[in-house]
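*Asks:* Right, I'll just put the structure down here and ask away after.
The values are calculated or read from the model by the stated rules, or taken from the named source; none is laboratory data. The model shown is predicted, which means the values in this text are computed figures rather than measured ones. Using ideal geometry, Cβ is built from the backbone for each residue, glycine included, and neighbour counts are taken over all protein chains shown. Please note that ligands, DNA and RNA were not included when accessible areas were found on the heavy atoms of the full protein model with its side chains. Shrake-Rupley method; radii C 1.70, N 1.55, O 1.52, S 1.80 Å.
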Amino acid sequence: TNSTRNRYVAEVSKILHYAHRQGWIDAVPALRRYHEPRQEPHWLTREQADALLAELPEHLADMAEFSLATGLRESNVRLLRWSQVDTARRVAWVLSGQAKNGRALSVPLNADAIAVLGRLRGRHAVYVFTYQHIDGTRLPVRNCSSAAWYKATKRAGLEGFRWHDLRHT
């Protein structure tokens, strides 16, 4: 797809700019960008959100509910640590190294987000969102957009709905 092509072009562009800064090449050649049609953001109604949460496995449902409540990006939710959460002050922090723009971010926590955190407290010493591995240990979630996600969205009648779309609701 043109989207995939543009991701490759962006990586090559980074390499060429680095080579130019190092003095290895005199100029960075212009690279063709491919047209990507703009997608309209998807929003969920309360009923659609409830249907999706009911279809997801428990660990993904908790993460999706938290995402809906905070508007955080998938990686910020997936990598959230207990040390970044203050339920007494109802705030969480995204560290500068985890933020897309490189700046730390404080995120207010509403009642839904606090409820999710209350259910998860004590499951893991470091990470907020984990899943139970087959050997019984709890591990951090590595990928939210898994086969389970896509099957759940299909069952909920939301085929084509992406994890990132939770930010728009």
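*Asks:* Taking a 1.4 Å probe, which of His35, His59 shows the most accessible area, and what order do the others take after it?
*Replies:* His35, His59
*Asks:* Compare the peptides 78-88, 100-110 by average per-residue count of other Cβ atoms within 10 angstrom and give them in order, highest first.
*Replies:* Ranked from most to least packed, the peptides come out as 78-88, 100-110.
*Asks:* Next question. With labels modelled as points extended 7 Å from the Cα through the Cβ direction, what inter-label distance (nm, one decimal) is found for Glu159 paired with Gln22?
*Replies:* 4.7 nm
*Asks:* If you don't mind, there's one more thing I want to ask. What distance in nm separates the two pseudo spin-label positions at Arg5 and Ala104, each 7 Å out from Cα along the beta-carbon direction?
*Replies:* My value for the distance between the label points is 4.3 nm.
*Asks:* Per 10 Å bin, what is the whole-percent P(r) computed from every C-alpha pair distance within the stretch 14-56?
*Replies:* 21, 19, 15, 15, 19, 10
*Asks:* Given a Förster distance of 41 angstrom, what is the FRET efficiency for His168 paired with Ile134, based on the Cβ-Cβ distance and rounded to 0.05?
*Replies:* Calculated transfer efficiency: 0.75.
*Asks:* Let me ask something additional. Treating only the Cβ atoms of Lys and Arg (+1) and Asp and Glu (-1) as charged, compute the dipole magnitude of the stretch 1-78 about its Cα centre; round to the nearest 20 debye.
*Replies:* Here the size comes out at about 740 debye.
*Asks:* On to the next question. Students sometimes get this wrong: rank Arg21, Arg123 by accessible area, probe 1.4 Å, all chains present, largest first.
*Replies:* On the way: Arg21 165, Arg123 80 Å².
The ranking, largest first, comes out as Arg21, Arg123.
*Asks:* Now for a separate question. Please report how far the C-alpha centroid of the stretch 4-54 lies from that of the stretch 114-130, rounded to the nearest whole angstrom.
*Replies:* 33 Å
*Asks:* Something else now. Between Arg90 and Asp50, what is the label-to-label distance in nm when each label sits 7 Å out along the Cα-to-Cβ direction?
*Replies:* In this crude spin-label approximation the distance works out to 2.3 nm.
*Asks:* Using the heavy atoms of the protein chains and a 1.4 angstrom probe, tell me the accessible area per residue for the chain in square angstrom.
*Replies:* Value for the chain: 64 Å² per residue.
*Asks:* Output the direction-averaged projected area (hull surface divided by four) of the convex hull of the alpha-carbon atoms of the stretch 76-169, in nm².
*Replies:* Averaging across all directions leaves 7.4 nm² for the Cα convex hull.
*Asks:* Given Cβ point charges of +1 (Lys, Arg) and -1 (Asp, Glu) and nothing else, what value in debye, to the nearest 20, does the dipole of the chain about its Cα centre take?
*Replies:* 480 debye
*Asks:* Hey, another quick one. Relative contact order (percent) for the chain, with alpha-carbon contacts under 8 angstrom and 6 or more residues of separation? Walk me through the intermediate numbers first.
*Replies:* On the way: 195 pairs, mean separation 44.2, N = 169.
Over the chain, the number comes to 26 percent.
*Asks:* Applying the Karplus parametrisation 6.51 cos²θ - 1.76 cosθ + 1.60 with θ = phi - 60° to the phi angles of the stretch 153-169, what ³J(HN,Hα) value in whole Hz is obtained for each residue in order, glycine and proline being reported as x?
*Replies:* 5, 5, 5, 7, x, 10, 4, x, 6, 9, 4, 4, 5, 4, 5, 7, 8
*Asks:* Roll a 1.4 angstrom probe over the protein heavy atoms and tell me the percent of accessible area of the stretch 17-112 that is carbon or sulfur. Walk me through the numbers on the way to the answer.
*Replies:* Numbers: 3110 of 6340 Å².
Using a 1.4 Å probe with all protein chains present, the stretch 17-112 comes out at 49 percent carbon and sulfur.
*Asks:* Mind listing the Cα extents of the chain along all three principal axes, in Å, largest one first?
*Replies:* Principal-axis extents of the Cα atoms in the chain, largest first: 58, 37, 35 Å.
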